[in-house]
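Peer 1: One structure, pasted below without further comment.
Nothing in this text is a laboratory measurement; each read-out follows from the coordinates by a stated rule. What you are looking at is a predicted structure, and each value in this text was computed from that prediction instead of being measured. Cβ placement follows ideal geometry from the backbone for every residue including glycine, while neighbour counts extend to all protein chains displayed.
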Amino acid sequence: MAGLPKLLRGKRRALTALLIGTGVGSAAAAGATALLMMMLIDPGTQNTAIVVIGLAVAAVAVGGLRAVERVLAEKLGQDYIHEIRTGLVKAALGAERGPSVGITIARVTNDLASVRNWVSQGISPLIVGIPLVLGATAFVWALSPALAAAVALPLALLAGVLAFLARPAYSRARTLRRRRGRLAAHLADTVAAATTIKAASGQAREMRRITALSSTVAEAAVHRARIAGCIRGTAAAAAATGVAATAATGIWQGIDTATIIAAMTVLGIIATPVTDMGRAVEYHQNFRAARRILAPALAADTVELDPAPPAEQRARTPSSDPGQLKITGITPRRCCPTEPLNAQAGERIELNADSPDEATAVFETIIGLRLLTTTQVLINGVDLHTTDPSRRRQLVGYAVAGATLERGTIARAVRYRRPDLSPDHGTAALEHVGLTEIIAQLPDGQFTRLTRGGEPLTTSARAKLVLARATLGSPALLLINRLDQDLDENGRARLNALITDYPGTVITYSTRPDTKPVTNRTWRVTCPIPH
């Protein structure tokens, strides 16, 4: 499983060992059933009742082991995809620009379902089925080599046919996966743009596009089902052929009836596992198609504009002035270095940038979302880019317009940056930005759950909540990025009052001259125009 986590790791090793034991136990139960059948048919058997009880016990053992196998297989598959799922989320959160919502949903549903099916319904049946089939074949060989050959020949033909069908199964699985991903991404984008679509009366057009994409998915699914049907049909035919070949060989070779029935009993027990092993080929091709997408996604990490040096190489001499901020080495567009910034606590600084994207790049570089080898941010003598995350979130708060809030209660959201602080601190922060009355009108107050990026709060209320989170604990550096454009008049007044009285250093950026917060100096980050 190149590019994906190792399967045989941690408790999955024990689960695999238990599955192997299940296969060996099933082989033993099959052999015992066959021997008991021979004894039951033998006219010389005296304790028939004991034999029948033995057959019942063997049947229960076969069924019990089958049930245990299913549980172990599911545990193995779920544990494996849990590791991949958390890896995907970690990679998406760490990437500078993550995949679309639709693509992420496709990965954690369709692609992970393919991985789970392969592990729990592909690998697991193979782990159990191989020792079962080998053990059963060995038992039949002990009874009669001719019957063993009759059992092995259909299985060998099955392996050849499945190998032939594997390539088209993989191709069709890839096609279906691509079309599902395209549909999921289009659906997510369409729902996100619902307001603008309705404003332009484009519902009918979008529905036609969705219908067309959905039809291509259905067509690809049916196309793949044809190959899947051939794979499953071949496996079922191999099991049935084995029974017929065993009976014909036994009659042809003049083998006694008891031996033939014993061999056919073994074949009846292994028929279902053989069918499951045939399906493993189908699941493997679906897995291969999903792996091509999951492996690079898991390898994705935070995108850096330049490779960041080791922390020990970034160590600097800390500032001796408490409350001092020093920022050097920021190059938002790589065309020229930004002038250094030296500021004291209580200063209110306006960021002068050519565009919102450039301003956002500067802010994200300051807080460490974008790393440059030349950048250094010292707050109260602490290098923001080399200190641990818990210390970093104590030193800096960032409030940006259009922020999407994570799912959870309002009480959790306001303390998200500082979960170490008490709920009373969160309540005070909400009151400071003017959210107390708004939250009091909600049915569950601060325990109202936020969904879809911040509903049921309005845009202005969400911006106030973002501001409350950023200012919680009074970090030494407060960054405000276009927040005034999301706030109502009351919210902008609160923002200006907060910035005016803020004890730490504040850096703001706004695209609206009529609502921008009051500042006392400017920090220019644009590249000068050559004369």
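Peer 1: How many angstrom lie between the Cα centre of region 209-239 and the Cα centre of region 346-413?
Peer 2: About 50 Å separates the Cα centre of region 209-239 from the one of region 346-413.
Peer 1: Less than 13 Å apart at the alpha-carbon level, and either on another chain or at least 8 residues along: which aspartates and glutamates does that give for residue 464?
Peer 2: 431, 437, 484, 486, 488, 489
Peer 1: Per 5 Å bin from zero, what fraction in whole % of the C-alpha pairs of region 11-299 is there, up to the bin with the longest pair?
Peer 2: Going out from 0 Å in 5 Å bins, region 11-299 shows 1, 5, 10, 12, 13, 12, 11, 9, 7, 6, 5, 4, 3, 2, 1, 0, 0, 0 percent.
Peer 1: By how many nm would the segment from residue 328 to residue 451 grow when fully extended, if each residue of separation counts as 0.36 nm and the alpha-carbon distance is taken off?
Peer 2: Full extension from residue 328 to residue 451 adds 40.4 nm.
Peer 1: Contour minus end-to-end for residue 164 and residue 497, with contour as 0.36 nm per residue of separation and end-to-end as the Cα-Cα distance?
Peer 2: Once the chain is fully extended between residue 164 and residue 497, it gains 112.5 nm.
Peer 1: For residue 182 and residue 24, FRET efficiency with R0 = 35 Å and r from the beta-carbon atoms, rounded to 0.05?
Peer 2: It comes to 0.15.
Peer 1: Whole number please: convex hull volume per residue, Cα atoms of region 311-524, in Å³. Write out the running numbers ahead of the final one.
Peer 2: Numbers: hull volume 25.1 nm³, N = 214.
Value for region 311-524: 117 Å³ per residue.
Peer 1: Related question: Fully extended, how many nm does the chain gain between residue 200 and residue 113 (0.36 nm per residue separation, minus their Cα-Cα distance)?
Peer 2: Answer, rounded to one decimal: 27.6 nm.
Peer 1: Divide by every residue of the chain the summed helix terms, -39500 (n - 2.57) for each DSSP H run of at least 4, and state the resulting mean residue ellipticity at 222 nm, rounded to the nearest 500 deg cm²/dmol.
Peer 2: Taken over the chain, the calculation gives -21000 deg cm²/dmol.
Peer 1: Please name whichever of 16, 283, 128 sits farthest to the positive end of the charge dipole of region 11-299, dipole taken about the Cα centre and charges placed at Cβ: Lys and Arg +1, Asp and Glu -1.
Peer 2: 283
Peer 1: I would also like to ask the following. Round to the nearest 10 and give me the degree value, 0 to 90, for the angle of helix 257-299's Cα axis relative to the longest principal axis of the chain.
Peer 2: Helix 257-299 sits roughly 20 degrees off the main axis of the chain.
Peer 1: Moving on to the next point. Taking the Cα centre as origin and putting +1 on Lys and Arg beta-carbons and -1 on Asp and Glu beta-carbons, what dipole magnitude results for region 311-524, to the nearest 20 debye?
Peer 2: The calculation lands at about 420 debye.
Peer 1: Wrap a convex hull around the Cα atoms of the chain, take a quarter of its surface area, and give that in square nanometres.
Peer 2: 35.6
Peer 1: Would you mind putting 203-209, 431-437, 12-18 in packing order, based on average other-beta-carbon counts within 10 Å, highest first?
Peer 2: Highest to lowest by the protection proxy: 431-437, 12-18, 203-209.
Peer 1: Something else: Label points 7 Å out from Cα along the Cβ direction at residue 369 and residue 149: separation in nm?
Peer 2: 7.2
Peer 1: Among the DSSP beta bridges whose two residues both lie in the chain, what percent are antiparallel, rounded to the nearest 5? Before the final figure, lay out each step's value.
Peer 2: On the way: 12 of 29 bridges.
Roughly 40 percent of the beta bridges in the chain run antiparallel, per DSSP.
Peer 1: While we're on this one: Just tell me which lysines come within less than 20 Å, Cα to Cα, of residue 75; anything on the same chain fewer than 8 places away is out.
Peer 2: 6, 11
Peer 1: Give me the net charge of residue 508's neighbourhood, meaning all other residues with Cβ under 13 Å from the Cβ of residue 508; Lys, Arg count +1, Asp, Glu -1.
Peer 2: My count for the surroundings of residue 508 gives +3.
Peer 1: Distance in nm between label sites at residue 244 and residue 520, each 7 Å beyond Cα in the beta-carbon direction?
Peer 2: Simple spin-label model gives 9.5 nm for this pair.
Peer 1: Follow-up. I want the local charge near residue 166. Using Cβ-Cβ distances under 10 Å, sum +1 for each Lys or Arg and -1 for each Asp or Glu among the other residues.
Peer 2: So the environment of residue 166 carries a net charge of +1.
Peer 1: Oh, and also: Given a Förster distance of 51 Å, report the FRET efficiency between residue 222 and residue 416 from their Cβ-Cβ distance, rounded to the nearest 0.05.
Peer 2: E(calc), rounded to 0.05, equals 0.65.
Peer 1: Follow-up. So if we plug the beta-carbon distance of residue 490 and residue 388 into 1/(1 + (r/R0)^6) with R0 = 51 Å, what FRET efficiency do we get, rounded to 0.05?
Peer 2: Here the calculated transfer efficiency is 0.85.
Peer 1: Helix 124-143 against the longest principal axis of the chain: what's the angle in degrees, Cα atoms only, rounded to the nearest 10?
Peer 2: Around 10 degrees separate the two axes.
Peer 1: Here is a further query. Using θ = phi - 60° and the Karplus curve 6.51 cos²θ - 1.76 cosθ + 1.60, what whole-Hz ³J(HN,Hα) does each residue of region 168-174 get, with Gly and Pro shown as x?
Peer 2: x, 5, 5, 4, 6, 5, 5
Peer 1: Moving on. In degrees, nearest 10, range 0 to 90: what is the angle between the Cα axis of helix 48-94 and the longest Cα principal axis of the chain?
Peer 2: Here the helix axis deviates by roughly 20 degrees.
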